[in-house]
Amino acid sequence: MNTTTDLESVNLKLKGMSCASCASSIEEAIKNVPGVGECNVNFGAEQAAIKYNPRRTSIEDIQQAVEEAGYSSYSLQERKMLEEDDVEKASRKAESRDLKLKIIVGSVISLILIFGSLPMMTGLDLPFIPAWLHNSWLQLILTAPVQFWCGYRFYIGAWKAFKRHAATMDTLIALGTSAAYFYSLFATIFPNFFLNQGLMPEVYYETAAVVITLILLGQWFENRAKGQTSAAIRQLIGLQAKDARVIRDGQEIDLPINRVQIDDTILVRPGEKIPVDGEIISGTSTVDEAMVTGESIPVKKQPGDEVIGATINKTGSFKFKATRVGADTVLAQIVKLVQDAQGSKAPIQRLADKVTGWFVPVVIAIAIATFVLWFILMGNVSLALITTVGVLIIACPCALGLATPTSVMVGTGKGAENGILIKGAESLELAHKLQTIVLDKTGTITQGKPTVTDYATVNSVSHRAELELLCLVATVERNSEHPLAEAVVRYAQSQNVDLIEATDFEAIAGSGVQGIVSERLIQIGTQRWMKDLGIETTNLQSKKDLWEAEAKTVVLVAVDGELEAMMGIADAVKPSSNAAVRTLRSLNLEVVMLTGDNQKTAEAIARQVGIVRVEAEVRPDQKAAKVKELQQEGKIVAMVGDGINDAPALAQADVGIAIGTGTDVAIAASDITLISGELQGIITAIQLSKATISNIRQNLFFAFIYNVLGIPIAAGVLFPFFGWLLNPIIAGGAMAFSSVSVVSNALRLRNFQRQSFN
């Protein structure tokens, strides 16, 4: 038995699929490999997202299973981003060239056949059409290359499906066109067979040729449209710089980006792309990060600030140290997340998956029943043949298979363009159903860069003694990653305090930190923790209440078990937080603040941004429980946070939303990441979810209604009432363009624009 901790993930790019039934066959083949825990095959993305136990199977074993099912694959992890994009473009270009050539040949021959068949089809004497053009032997010769060269791919696909006891769209096309062609062939060779029964030996070569040509034309349009659905990936990959100006041994050298190493010093001049992620060591500038964060305003950068690869340096020159290269860069991780999301399945797709599983066999059964019924009722083999071919040709499982994944691909790609990384289709689908938004305070509502505004000691001491105490406090806090600790360290540095070494450092989650400095026990944290330690805090209570009323977080300092000082730390509210909360509430969403900070400070911040419900003084291990309580009230809950202590709550929530400026742990535990760190991204994610799900529903409606109406009409249900039969040529055209219409509708999502708010 596999557990989630045993499993590794791999994405396979698949080749050779013709319809959603192919996707189902591949998915089943992969799931049958021992050691595979999960597999989702996305027909629209032509990808398989797989989780497997590497101790029980390998990527090669999985690829072998795909090959045995009649398809080919390669691992997306095997190729670098730019190489993968080149391979994909080359593959699509080659397939497009092949389809174009066959479409041209098929079109020319089809036009000749249709022109020659006009007298028979119209029942009119058309003297301008030479009689020899309707010669059945000539039509046989003309149709053969279309049937067996242009239509070769359908026969190959049908044969592969037959070998694994399955049926696909290729099966339907091969059966339908072959029925028309070989019936005509029999009528050409043995015309007397029909004449002896009082029937005309009619031929339908033009039907076979035109249907194959139209379906190839539809596939060409479909491939072209599907290529546009992954435009976001190619756009992201295209952002990557190709070269970097690296300083080694005092010399500036231009190197390909794949040769840049961690800790390399890189020079960036105005107007240049930043090649990899890093930290500025000298110089200042402004950087346009819109292509990664979605924010259009350039960001000021100075020594110590991080820069992101693929963003554009605007005004000044600077040097930075490379901290992440290759697959570890922010851009590479964004591409990977978008690829994973585009390869995932939304729950709404389950119905379509169930239908496509039995779609083709049912259509074949309907076609057989149609032939038998009409032949028995009318005794007319031509009528029975036309209706049977029409049923086989018009049925389209592709439209059902493409309805959801194409919309998901465009939607997740559009999210990435707006600085919103959506890890899976399930999160994208669920976001528009949210009822409660739970917001962490520090780094989410506020800027997450607090500063020390007040510093007071218990006893009146000299300025020098204050600085000595500050040295002890900052020395301990230097070992913590918490934003409040960073504020204390920055304050000490601004006072020109030289820090020393601390030992036995320990962070107590939700309470504070402690350590030994110069053989003295320094403890810094909340009043609740101090009381738990038995330390008296009443001496500074009145001042503490005053600071908290001003929305300042108060931390108390104890030395060797005695209260010595306290600090007031203010974290400014993000300029966009007030408007974001107001907009969320206007969407009838309940907004809750969940923080480990004290009640007074939390309520003061909540008042600033318009939040009514506040859950304060909540320990990290209690945050997930608070989210669970909201879920038990029957609410669909999103948790928004940025810290390590938010990770359990993010995982517990129905949708976890991480602030991209936060910790890697929080981002890993979330379903959606807001790269810019602004709460506006929550609203955009909800709007995008609504637009995507609406688009999916439209696609599914069109796909279902097309097949529900098309198949009975092709079977001749209108003939008894109106004497009208659907020409198989029209059926072929409808089938060819049904998939194109679904993909084209999905592409409308590219026009999605996030709404601004004030």
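The values are calculated or read from the model by the stated rules, or taken from the named source; none is laboratory data. Predicted model, so just to flag it, every value in this text is computed and none were measured. Note that each Cβ is placed from the backbone with ideal geometry, even for glycine, and that neighbours are counted across all protein chains shown. Heads up: the accessible areas ignore ligands, DNA and RNA and are worked out on the full protein's heavy atoms, side chains in. Shrake-Rupley method; radii C 1.70, N 1.55, O 1.52, S 1.80 Å.
Here are the numbers for this structure:
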{"read-out": "From the options LYS314, LYS319, LYS301, residue that is more than 25 Å from the chain's Cα centre (by Cα), modelled with pLDDT of 85 or more and surrounded by 21 or more Cβ atoms within 10 Å (Cβ to Cβ)", "value": "LYS301"}
{"read-out": "Test: residue in the range 447-460 that is buried (at least 20 other Cβ atoms within 10 Å of the Cβ) and under 24 Å from the mean Cα position of the chain (by Cα)", "value": "no"}
{"read-out": "Flag if VAL497 is β-branched (Val, Ile, Thr), over 16 Å from GLU562 (Cβ atoms) and more than 42 Å from the chain's Cα centre (by Cα)", "value": "yes"}
{"read-out": "Residue in the range 594-607 that is free of Cβ contacts under 8 Å to residues at least 40 places away in the same chain and outside any helix (DSSP H, G or I) present", "value": "no"}
{"read-out": "Residues (out of contact with any strand residue (DSSP E or B) (no Cβ under 9 Å at 6 or more places or on another chain) and at pLDDT 90 or above) located in the range 533-561", "value": "GLY534"}
{"read-out": "Cross-chain or 6+ apart pairs with Cβ under 8 Å, the range 309-334 first and over 18 Å from LYS242 (Cα atoms), then open to solvent by 80 Å² or more (accessible area, probe 1.4 Å) and of a type in the set (D, E, K, R)", "value": "SER317/ARG269"}
{"read-out": "Subset of the range 510-523 that is open to solvent by less than 20 Å² (accessible area, probe 1.4 Å) and farther than 17 Å from GLU617 by Cβ - its residue that is nearest to the chain's Cα centre (by Cα)", "value": "VAL513"}
{"read-out": "Failed item, numbered, when ALA746 is tested on (1) outside any loop (DSSP other than H, G, I, E, B); (2) under 21 Å from VAL363 (Cα atoms)", "value": "(2)"}
{"read-out": "Identity of the residue in the range 536-561, open to solvent by 90 Å² or more (accessible area, probe 1.4 Å) and not in a helix (DSSP H, G or I), that ends up nearest to THR526 (Cα to Cα)", "value": "GLU536"}
{"read-out": "Residue check for LEU428: in a helix (DSSP H, G or I) and either in contact with a helix residue (DSSP H, G or I) (Cβ under 7 Å, 6 or more places away or on another chain) or over 24 Å from ARG490 (Cβ atoms) (or both)", "value": "yes"}
{"read-out": "Checklist (1) of a type in the set (Val, Ile, Thr); (2) open to solvent by less than 60 Å² (accessible area, probe 1.4 Å); (3) farther than 23 Å from PRO450 by Cβ applied to ILE611, failing item", "value": "(3)"}
{"read-out": "Selection from the range 237-256 of residues that are modelled with pLDDT under 85 and buried (at least 16 other Cβ atoms within 10 Å of the Cβ)", "value": "ILE237, LEU239, GLN240, ALA241"}
{"read-out": "Flag if ALA225 is in a helix (DSSP H, G or I) and at pLDDT 75 or above", "value": "no"}
